[in-house]
Structures are given as structure tokens and as C-alpha cells.
Amino acid sequence: MKTFRELQDLTGTWAVITGGAGYVGKAAAETIIELGGNVILLDNDMEKLKVAQTEIVSAKSSNTFLVCCDLSKDKQIEMAISEIAMITEGKVNILINNAAFVGTSDLEGWCVPFQEQSISTFRACLDVNLTAPFVISQKVCALMDNFQHPLKSIINISSIYGVVGPQMDLYAGTNMGNPAAYAASKAGLMQMTRWMAAVVSPKIRVNSIVLGGIERGQPTEFQQRYNSKVPLQRMATEEDLKGAIGYLSSQLSNYMTGQTLSVDGGWTIV
């Protein structure tokens, strides 16, 4: 029987993290690196990727790689996968589908009342939040099928708003919002997790993480309202995600697939 330490050891493994320049992407990268793995950060802005690389506390130049890709462009996804295959010699163990348009994105027809939400922005959101994870997962699974390793795991990052409806009073008096497209895409990602888990098993495991609100300097009134509604009475920090990332990324979760871990402070139980 393997020890706990052996089960969580990611030495020599490769993880691809979309949205790698963002807060969650960086937390995921730190987790993988701390457990011994190599990471490829994928995002649509190389300068932001370079900044993120310097901000990852445990990053080393030898195990952190950067790939620039606009996930709304199929051709760029194909090129990114080819670059990833060259970097890893065709061996990817972990894929974390994290990139997404979120509720604070500065998009036309996004954080506005329902009747004003843009159809084009709705479609653009689905392209990045749902279609891109499908395409990337499809291509990464092809890489995973080409080599033998006990660890092959895909993690889809979802949201509480893929599970429950929004409480719109949270946003009163702020420039924040909760677009329909975000909720629809995150719910779709969770169902795609279940579908993929049944189809790509037993070689590859697929699970999702439901995230609650993460504290990032939101307006004080928003944070106060949010904290009053969640059982743990605070918003999450990036550090709160590292346990779930480490668990699903490693052999600690070897007998878990098609499931969802909720890291939401209890939001979805009340």
C-alpha cells in the first residue's frame, strides 16, 4: 500500500492550467509545483503570463512554462496543444480547465440587467467557458491515451452559480453583476464533467470543483452582504483552493471520477 506522501507526489508529472495568469490559475500552479510537478500556464496575454510566473511563490524556471492562446480561436487552441505536446514530449497528466469570463469581466452587454444582456457576449462566454474546455479536453485526452501512467486527471473549475441561482441583492449599488451566460456555462461544464467521466474512464478521471466567491477587493458593501449569507461568514481566498486542487490532481483521489467538490464556505447548502 502506498503512503499518503507517495499518493500526493507529483514528481515528473505535467499539468496544463488554462487561465494560468489569473488568481485561481496561479494557486493551482503553486499546488502542483509544491507537490513536485511541472506546469504549463496557458492564457491569452503573454505579458500577464510572465508576471504570473514571477508571482508564483514556489515557481522555478525549470518547471514552469508559458503558452499564449486565445481560447475563443480554434486555430490558436490547435497551435497551443501542439506546443504543449512538444514541451511535454506528448505526456500530459493533469488538465485544469480554469479559464472563464467571470462576473467582473468588462464586456459589453455583460454585467447589465437581463433584458440588456448581449447575445453576442452570451455566445462568446459559452465559447470560452464551455466550448474551449470541451476542445482542449478532447485534444489532451488524445495525448493522455498515448502513454502509460497511473495519474491522468482532468479538473473543471465550476461555480456556485452553476448549482444555484443568483441573489441579486448582493450586487445593488456596485458595478458587479451575474450574467445568465456565466451560470449557464458553469452548469454545462459540470454536466460535461459527468459525461466525460463516463466516456474516458477507466484511464482518465474527470472531476469538477465548485468555487464560491473569492475575495479580490470587491466593494465593502458586496463583501458584507456576501459574508452574511455564507455559513463560514467570509469569502474564499486562493489558499482555500489548494487542498481541493492537490487532492484531485494526485492519486489521493484515484477512485473518484465524475464528482464535484464544493469549496464554497457552505453557500450551496443554505
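Things to note:
- First in segment 254-269 and touching a residue at least 12 places away in the same chain (Cβ under 8 Å), second anywhere and among the β-branched types (Val, Ile, Thr) and open to solvent by 70 Å² or more (accessible area, probe 1.4 Å), Cβ under 9 Å, 6 or more apart: 260/163; 262/163; 262/269; 264/163; 267/163; 268/163
- Selected residue (criterion: nearest to residue 143 (Cα to Cα)) from residues of segment 77-115 that are of a type in the set (D, E, K, R) and at pLDDT 95 or above: 91
- Which numbered condition residue 169 misses (of (1) over 28 Å from residue 251 (Cβ atoms); (2) among the charged types (D, E, K, R); (3) touching a residue at least 60 places away in the same chain (Cβ under 8 Å)): (3)
- Single unsatisfied condition, residue 168 versus (1) more than 18 Å from residue 23 (Cβ to Cβ); (2) within 15 Å of the chain's Cα centre (by Cα): (2)
- Of the residues making up segment 153-174, those that are out of contact with any strand residue (DSSP E or B) (no Cβ under 7 Å at 6 or more places or on another chain) and assigned to a loop (DSSP other than H, G, I, E, B) are 164, 165, 166, 167, 172, 173, 174.
- Matching residues, segment 82-141, being of a type outside the set (S, T, N, Q), outside any helix (DSSP H, G or I), surrounded by 15 or more Cβ atoms within 10 Å (Cβ to Cβ) and more than 13 Å from the chain's Cα centre (by Cα): 91, 92, 103, 107, 109, 110, 111
- Segment 223-252 - residue that is farther than 15 Å from residue 31 by Cα and small (Gly, Ala, Ser) and, of those, farthest from the chain's Cα centre (by Cα): 228
- Lone unmet requirement of (1) touching a Cys at 6+ places or on another chain (Cβ under 9 Å); (2) more than 21 Å from residue 158 (Cα to Cα) for residue 44: (2)
- Hits in segment 1-33 (condition: in contact with a helix residue (DSSP H, G or I) (Cβ under 7 Å, 6 or more places away or on another chain) and under 17 Å from residue 140 (Cα atoms)): 14, 15, 16, 17, 18, 19, 20
The values are calculated or read from the model by the stated rules, or taken from the named source; none is laboratory data. In this text, all values refer to a predicted model and were calculated from it rather than measured experimentally. Note that each Cβ is placed from the backbone with ideal geometry, even for glycine, and that neighbours are counted across all protein chains shown. Ligands, DNA and RNA are stripped out before the accessible areas are found, and what is left, the full protein with its side chains, is counted by its heavy atoms. Shrake-Rupley method; radii C 1.70, N 1.55, O 1.52, S 1.80 Å.
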